[in-house]
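Only one structure is covered here, and it is reproduced in the block below.
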């Protein structure tokens with residue numbers, strides 16, 4: 001091999017060919033971006049441990065510890081029959097003994113959001129709460 | 001002459017900021033989002049201040065805003081849910097219900113789970 005030929009092999013014959021193209025990289029990054037945008041959930045889910053113990057909700061098994069929050073269709077709340085505002089209800093729940101159990105009984109037309117708000121108050125007060133749908137009041 | 005050369009230089013470099021932004025977006029979605037199996041229908045769980053991170057339980061029940069049910073990926077109704085639970089029933093069930101669904105429906109479903117022998121149920125919420 002002549003000197004001139006070996007020089008030609010060693011040196012890239014065109015500078016623009018030697019540069020790596022960015023386009024495939026961008027393609028792959030875009031695809032990854034779209035995958036993560038579609039596959040990920042931005043709002044993290046949190047669980048409420050909702051007590052479904054077998055002794056909640058039936059009047060025969062009501063004990064002194066069992067309290068009932070009734071949610072009315074017009075947004076009203078009753079704790080053991082007393083009409084209360086949301087703030088008063090939260091205060092009353094905090095005042096209950098910690099071994100108390102709570103039954104949240106929504107009327108027809110009450111959304112889960114309102115019921116969960118009360119369940120959340122109960123867990124803030126450290127009380128086990130369950131969600132029921134009493135048959136008689138449908 | 002000088003002007004044309006500068007323009008050509010700008011054309012080749014203009015891709016790099018784009019890649020930077022796309023990279024940042026990619027990293028944002030990788031870090032902030034959590035990879036999760038898609039829900040069978042669009043779902044907006046109610047808000048709570050619970051700190052218990054949601055995790056996949058033995059079984060999963062989805063309730064849509066209009067009351068449609070999906071248990072472990074199969075469409076069920078309130079009547080066929082007990083059969084879908086199987087024997088023995090799962091001990092723990094995660095219930096992901098839309099915040100707009102009627103609370104009485106969820107109450108009835110929880111009662112149905114309890115009667116079928118489910119020990120614990122977890123209601124999915126989002127942090128408020």
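Go through the range B:69-100 residue by residue and tally those that are within 14 Å of chain A (Cβ to nearest Cβ) and over 17 Å from residue B:114 (Cβ atoms).
Within the range B:69-100, residues that are within 14 Å of chain A (Cβ to nearest Cβ) and over 17 Å from residue B:114 (Cβ atoms) number 4.
With the requirement that a residue be closer than 13 Å to residue B:109 by Cβ and over 19 Å from the mean Cα position of the chain (by Cα), what does the range B:77-95 give you?
Across the range B:77-95, the qualifying residues are B:77, B:78, B:79, B:80, B:81, B:82, B:84, B:85.
Might you check whether a residue that is more than 7 Å from chain B (Cβ to nearest Cβ), assigned to a helix (DSSP H, G or I) and surrounded by 13 or more Cβ atoms within 10 Å (Cβ to Cβ) occurs anywhere in the range A:94-101?
yes
Determine which single condition residue A:121 fails, assuming it passes every other condition in (1) out of contact with any strand residue (DSSP E or B) (no Cβ under 6 Å at 6 or more places or on another chain); (2) surrounded by fewer than 21 Cβ atoms within 10 Å (Cβ to Cβ).
(2)
Residues are listed down the side, and each one gets a yes or a no for (1) modelled with pLDDT under 90; (2) part of a helix (DSSP H, G or I); (3) not assigned by TED's automatic domain parsing to the domain that holds residue B:73:
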{"residue": "B:84", "(1), (2), (3)": "yes, yes, no"}
{"residue": "B:88", "(1), (2), (3)": "yes, no, no"}
{"residue": "B:95", "(1), (2), (3)": "no, no, no"}
{"residue": "B:104", "(1), (2), (3)": "yes, yes, no"}
{"residue": "B:118", "(1), (2), (3)": "yes, no, no"}
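What pairs come up if the first residue lies in the range B:103-119 and is surrounded by 18 or more Cβ atoms within 10 Å (Cβ to Cβ), the second is at pLDDT 85 or above and part of a helix (DSSP H, G or I), and their beta carbons are under 6 Å apart, counting only those six or more places apart or on different chains?
Short answer, once both residue conditions are applied: B:103/A:112; B:103/A:115; B:106/A:112.
Taking the options A:16, A:6, A:2, name whichever one is surrounded by 10 or more Cβ atoms within 10 Å (Cβ to Cβ) and at pLDDT below 85.
Step by step, each of A:16, A:6, A:2 is checked, and only A:6 is surrounded by 10 or more Cβ atoms within 10 Å (Cβ to Cβ) and at pLDDT below 85.
If residue B:39 meets every condition in (1) out of contact with any helix residue (DSSP H, G or I) (no Cβ under 7 Å at 6 or more places or on another chain); (2) at pLDDT 85 or above apart from one, which number is that one?
Status for residue B:39: all satisfied but (2).
Given the conditions (1) part of a loop (DSSP other than H, G, I, E, B); (2) farther than 25 Å from residue A:69 by Cα, and given that residue B:45 satisfies all but one, which numbered condition is not satisfied?
Just one mismatch for residue B:45, condition (2).
The values are calculated or read from the model by the stated rules, or taken from the named source; none is laboratory data. Computed from a predicted structure; not experimentally measured. Positions of Cβ are generated from backbone atoms using ideal geometry, with glycine treated the same way; all protein chains shown enter the neighbour counts.
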